[in-house]
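Read the structure below first, then the notes.
The values are calculated or read from the model by the stated rules, or taken from the named source; none is laboratory data. Computed from a predicted structure; not experimentally measured. Backbone-built Cβ (ideal geometry, glycine too); neighbour counts: all protein chains shown.
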Amino acid sequence: MEGLLDFVLRDILTRSGGIDRCVSEFIRVTNTLLPTRTFERIIPELHNGGRTCAGVPVRAQLLGSDPACLAENAAQLATLGPHGIDLNFGCPAKVVNRHGGGAALLDEPELLYRIVAAVRHAVPAHMPVSAKMRLGVHDDSRAEECALALQAGGAEELVVHARTKADAYRPPAYWARIADICAVVRVPVIANGEIWNVQDALRCRELSGCHRLMLGRGMVTDPGLALAIRAHDSGMAPYADLAQEHPALIAWPSLLPLMADFWMLVRTRLDRKKQCGRLKQWLNFLRHRYAQAEGVYQALRTVTDPLLIDQWMADQLAKPGGA
């Protein structure tokens, strides 16, 4: 998720627990071989064995439409040690689609095949190559055809976001269509889209037939979501009860230290002009799950001086039990 789930938030969310693997923000490939510093800027985890500080492996994601250029960049990237190469055929952003990338390619199954085949041939055999797709561009009539093309090209795993490009992020997600894809491919399929809580996760599993899930905005909104799903799977009360509204597994007082760590990383790793905006961006998501985050968001909404947030953060951590 470009501009949101960057390396800073990957670091913090994987500290929360419950996550098996991450995928990087997409690295846009056009007509050139990108320098090593570009890959390392977007995926600094490459300096840590391809893992976040919490030890969670990161798969590098590429986006583009030129098979040869994508293959050349994938080969270069593979030498840096990511835990696999992922190909983005799911981004619905107009600026991406206008330049022949992301979900716009789902009208061209033959091109999907050639891209995956070229990348699969270019990287070492031991390195996984996966692909993320949506159900289609304007409708889902070619979803199975696209999935089969990706499989034929050599994708060892598919993540399916259960909406079309035209659907963007508007609910609902059509999880049952993922089951149709599962019925025609042999490779593992991971379900994605509109999973905000444990109930959504269980319903998605039921309709898609996929046990494995990819969490995006839901995990940003509730950093304990992956843990809560695992708690349900292990029979932990109250998460075992589907009829019950589950509390946030990471309570607000426990979230504050993670937020402080997030702010510290933002302060040390991002440009000063972007720092306040990054914290407010995350708070904007958190306020949909945590009542306390709404007050914090409103209090900091107009703040543009990072030093003021430094002081606010210190004050919150000094309070007994958190804000």
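Criterion applied to T14, T32 was being among the β-branched types (V, I, T) and either free of Cβ contacts under 8 Å to residues at least 40 places away in the same chain or outside the structural domain of N192 (by TED's automatic domain parsing) (or both), and the one residue passing it is T32. Just to be sure, is G277 under 30 Å from R186 (Cβ atoms) and without any contact (Cβ under 8 Å) to a residue 40 or more places away in the chain? For G277, the condition - under 30 Å from R186 (Cβ atoms) and without any contact (Cβ under 8 Å) to a residue 40 or more places away in the chain - is not met. Any residue that is buried (at least 24 other Cβ atoms within 10 Å of the Cβ) and touching a residue at least 60 places away in the same chain (Cβ under 8 Å) - is there at least one of those in segment 167-185? Checked against the condition, which is being buried (at least 24 other Cβ atoms within 10 Å of the Cβ) and touching a residue at least 60 places away in the same chain (Cβ under 8 Å), segment 167-185 yields no hits at all. Of the residues making up segment 221-249, those that are in contact (Cβ under 8 Å) with a residue 12 or more places away in the chain and either among the β-branched types (V, I, T) or surrounded by 14 or more Cβ atoms within 10 Å (Cβ to Cβ) (or both) number 16. Confirm whether L207 is aliphatic (A, V, I, L, M) and outside the structural domain of P171 (by TED's automatic domain parsing). No: the conditions fail for L207. Pairs meeting the criteria (first residue in segment 78-101 and among the β-branched types (V, I, T) and surrounded by fewer than 19 Cβ atoms within 10 Å (Cβ to Cβ), second residue at pLDDT 75 or above and in a helix (DSSP H, G or I), beta carbons under 9 Å, at least 6 apart or on different chains) are T79/T36.
Checking each residue in segment 280-299 for being touching a Lys or Arg at 6+ places or on another chain (Cβ under 6 Å) and in contact (Cβ under 8 Å) with a residue 12 or more places away in the chain picks out A293, Y297. A count restricted to segment 214-261 and to residues that are hydrophobic (A, V, I, L, M, F, W, C) and either under 14 Å from H288 (Cβ atoms) or in contact with a Phe, Trp or Tyr (Cβ under 7 Å, 6 or more places away or on another chain) (or both) stands at 8. Of the residues examined, S208 is one that is in contact with a strand residue (DSSP E or B) (Cβ under 6 Å, 6 or more places away or on another chain) and of a type in the set (S, T, N, Q).
Against the list (1) surrounded by 20 or more Cβ atoms within 10 Å (Cβ to Cβ); (2) free of Cβ contacts under 8 Å to residues at least 60 places away in the same chain; (3) out of contact with any Asp or Glu (no Cβ under 9 Å at 6 or more places or on another chain), the condition R120 fails is (3).
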